[in-house]
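What follows is a single structure, written as structure tokens, with notes after it.
The values are calculated or read from the model by the stated rules, or taken from the named source; none is laboratory data. These numbers were taken from a predicted model, which means no experiment stands behind them. Backbone-built Cβ (ideal geometry, glycine too); neighbour counts: all protein chains shown. Side chains included, ligands, DNA and RNA excluded: accessible areas come from the protein's heavy atoms. Shrake-Rupley method; radii C 1.70, N 1.55, O 1.52, S 1.80 Å.
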Amino acid sequence: MHPFRSHTCGELRAGHAGRKSRLSGWVFRKRDHGSLLFIDLRDHYGITQVVVQPDRDFFETCRGLRPESVITVTGLVEPRSADTVNPSLPTGEVELLAEQLAVESAADPLPLYLAGDDPGPEDLRLKYRYLDLRREEMQRKIALRADVVASLRRRMTAHGFREFQTPILTCSSPEGARDYLVPSRVHPGKFYALPQAPQLFKQLLMIGGMDRYFQVAPCFRDEDARADRSPGEFYQLDIEMSFVTQEDVFAVVEDVIAGVFREFSDWTVDETPFRRIPYREAMVKYGTDKPDLRIPIEMADVTEMFRGSGFNAFRSVVEKSGAVRAIPVRGIADRPRSFFDRMVEFAVERGAGGLAYLVWSGGGVKGPLAKFLSEADRSGLAARCGVGDGDVIFFVADAPARAAAIGGDVRVRLARDLDLFEKKAFRFGWVVDFPMFEFDETLGRIAFSHNPFSMPQGGMAALESGDPLGVTAFQYDIVCNGVELSSGAIRNHSPEIMLKAFEIAGYSRGEVEERFGFMLSAFRHGAPPHGGIAPGIDRIVMLLAGETNIREVIAFPMNQRAQDLMMNAPSTVSERQLRELHLKLDLIRDSGREGM
RNA sequence: GGGGGCGUAGCUCAAUUGGUUAGAGUCCCAGAUUGUCGAUCUGGUUGUUGCGGGUUCGAGUCCCGUCGCUCCCGCCA
């Protein structure tokens, strides 16, 4: 017999009765009856009840075992009598009658209690992650992650893609997030950077003729965390394809993503092709470029209807080239005044000047705005927004970007308060036609709004049109339930168009040649038209696991301040290491916090 | 960098307008217990109320500062 186990703790059934079996696992719970002891023995696969009788020489040893000690038990599989069967356990028809027992590893008292529902405080869970991971829910989520990654690989391979590795030690990129830097020992004063994404490498693989690339790729960005954004590092399903249009990329990704979501969830998943939403339309209807399409509210632009209206507050906003956005909600006319007050308060908190509303009720129109509007205005708004008796329209008036953002927040808040989210559904959409450039208020000039390597729609002619802010790119996002899963683009493979695009964003030819000379050179030696995308794997697993916190689907996540509480990273290093790397510390703040 | 929330026993939480020696459950420890399955019963230990300062006759409670965790804004091509 194997020294540790003949079966797993989730395996034994009534059919095994009478067989000799050996199990290894953790002591999950103990029930000590003085002259009879029950141990729930747990491993990755399940729980089996072990019975220890008082005449065994290891009986006292067992009584002293603390939870989470690891033991190996050998004995007979016994069928349980009808009144002692445990129907809530898959192995509940049998138990293991212990004949031999070995303590593999005795456990100290635990900082976390694993046999209950409460996972405990997150910093303790992270510090003792190896304990936290033993909980059934964590076993399930981390296993789900592994299965999702395996499925993604299988599906990409089936589409004719190969997985290529790209460097982890590379060089800093000028645009984008802050880099993680790695000092060079051999080249004093020079640094490697960890890749924010394998962006340039995957394009170079296309230029290298590899045709279809994917990679489960680690990405490193030194930016602050959010609930859905892990600090430091995360994983993308990085994809790039040669000789493709935007639609070719969509077709592959839709098939892979829809397939994975159907494989790992019984929720409704959109049929492919997913809906396509132009960026400008998304900003008007949803106030965001990552709309939650489970919410049955679509905003409308009603700016023109207020241009000549009697409502001065809105008219003056419109005259200052602002926008008025209407948020129609059906069937809530009978909500109490406090509901509307709460929404107004919320909008003001988000920076709105106010939140107006009209209530269609009892054949009339009520609300603070009603007396300023003519009968024609009201019926015009009703027709525009498709509302009738019993419905309500909220209004936000502000500069267009602000009106969109606040309206979008109000839309989500309404859905939350009114429980309007479609249940058990993953709703996908492609947001397309992103603007190539935007006006950067802080820099006071035009900047790339997304990826500088995207192909502008209309090519060189569009860039030379003299209206850079009107140029859209072959740049797209895929969103699911309000989560941005990924950005992608058809790349700009023409050096001249690229130089022109960088020129508009304020980079001279010389700067671009210096920074991206290797890319320009590559483009000058035969570059296939190509494009790709990079769905976030952590976020996919998060959605499939029904989690809102990304740390729940990462085995060893860092906390919000980018620390690994278990390993104590980041940590100080020795003087010798610093010397070898030609580094001298210049700590402005007292470093007493370090070292812990 | 900024804002919100939280911080009381290993863990989850109480503690009247500021009022006696800061409690309960759980964990842990000891004892009892032959059919439990979140076993049960009896007893017991566990505290710089995050830290520092202030107000007060008196502070877990009020004020100031600070630290930690978390959520959000900035940031995230």
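How much accessible surface area, in Å² rounded to 10, belongs to the heavy atoms of residue A:507 with a 1.4 Å probe?
50 Å²
Using a 1.4 Å probe on the protein heavy atoms only, what accessible surface does residue A:142 show? Give it in Å² to the nearest 10.
40 Å²
How large is the convex hull of the C-alpha atoms of the range A:319-465 per residue, in Å³? Write out the running numbers ahead of the final one.
On the way: hull volume 26.7 nm³, N = 147.
So the per-residue Cα hull volume is 182 Å³.
Can you give me the accessible area per residue for the range A:299-384, using a 1.4 Å probe, in Å²?
Working: 4330 Å² over 86 residues.
Using a 1.4 Å probe on heavy atoms only, each residue of the range A:299-384 averages 50 Å².
If we restrict to alpha carbons, what Rg and Dmax does the range A:470-596 come to, in Å?
Values for the range A:470-596 (Cα only, Rg and Dmax): 22.0, 56 Å.
Let me have the 222 nm mean residue ellipticity of chain A computed from DSSP H runs of 4+ only, each contributing -39500 (n - 2.57), with the sum over all residues rounded to the nearest 500. Walk me through the numbers on the way to the answer.
Working: 17 runs with 174 residues, N = 596.
It comes out at -8500 deg cm²/dmol, rounded to the nearest 500.
Protein chains only, probe 1.4 Å: how do A:343, A:210, A:1 rank by accessible area, largest first?
On the way: A:343 0, A:210 95, A:1 125 Å².
Descending accessible area places them as A:1, A:210, A:343.
By per-residue mean of other Cβ atoms within 10 Å, what is the highest-first order of A:300-308, A:159-167?
Answer by packing, highest mean first, reads A:300-308, A:159-167.
Can you tally the net charge around residue A:52? Count Lys and Arg as +1, Asp and Glu as -1, for every other residue whose Cβ sits under 13 Å from the Cβ of residue A:52.
On the way: positive: A:30, A:31, A:56, A:63; negative: A:32, A:40, A:55, A:57, A:60, A:78, A:95, A:99.
With Lys, Arg at +1 and Asp, Glu at -1, the net is -4.
Can you pull the Kirkwood radius for chain A, inverse mean 1/r over Cα pairs, to one decimal in Å? Mind showing how you got there, number by number?
Numbers: mean 1/r = 0.0348 Å⁻¹.
Evaluated over chain A, this radius sits at 28.7 Å.
State to the nearest 20 debye the size of the charge dipole of chain A about its Cα centre, where the only charges are +1 on K and R beta carbons and -1 on D and E beta carbons. Before the final figure, lay out the partial values.
Numbers: 74 positive and 84 negative charges, 46 e Å.
In total the dipole reaches around 220 debye.
What ranking do A:97-105, A:495-503 get when scored by the average of other Cβ atoms within 10 Å per residue, highest first? Don't skip to the answer; put the middle values down first.
Values: A:97-105: 15.4, A:495-503: 19.6.
Listed from highest to lowest mean packing, they are A:495-503, A:97-105.
Each residue of the range A:573-585 in order: what ³J(HN,Hα) in whole Hz does its phi give by Karplus 6.51 cos²θ - 1.76 cosθ + 1.60, θ = phi - 60°, with x for Gly and Pro?
So the J values, rounded to whole Hz, are 10, 6, 3, 4, 4, 4, 4, 4, 8, 6, 10, 10, 7.
Going by average Cβ density within 10 Å per residue, which order do the peptides A:390-397, A:543-550 take, highest to lowest?
Working: A:390-397: 24.2, A:543-550: 17.1.
Answer by packing, highest mean first, reads A:390-397, A:543-550.
Please work out how much accessible surface residue A:224 shows to a 1.4 Å probe, ignoring ligands, DNA and RNA, in Å² rounded to 10.
Spelled out: residue A:224, probe radius 1.4 Å, area about 110 Å².
Return the carbon/sulfur percentage of the accessible area of chain A, one whole number, probe 1.4 Å, all protein chains in place.
Details: 14790 of 28890 Å².
Carbon and sulfur: 51 percent of the exposed surface of chain A.
Taking the simple approach of a point 7 Å from Cα along Cα-to-Cβ for both residue A:59 and residue A:36, what is their distance in nm?
Placing both labels 7 Å beyond Cα along the Cβ direction yields 1.3 nm.
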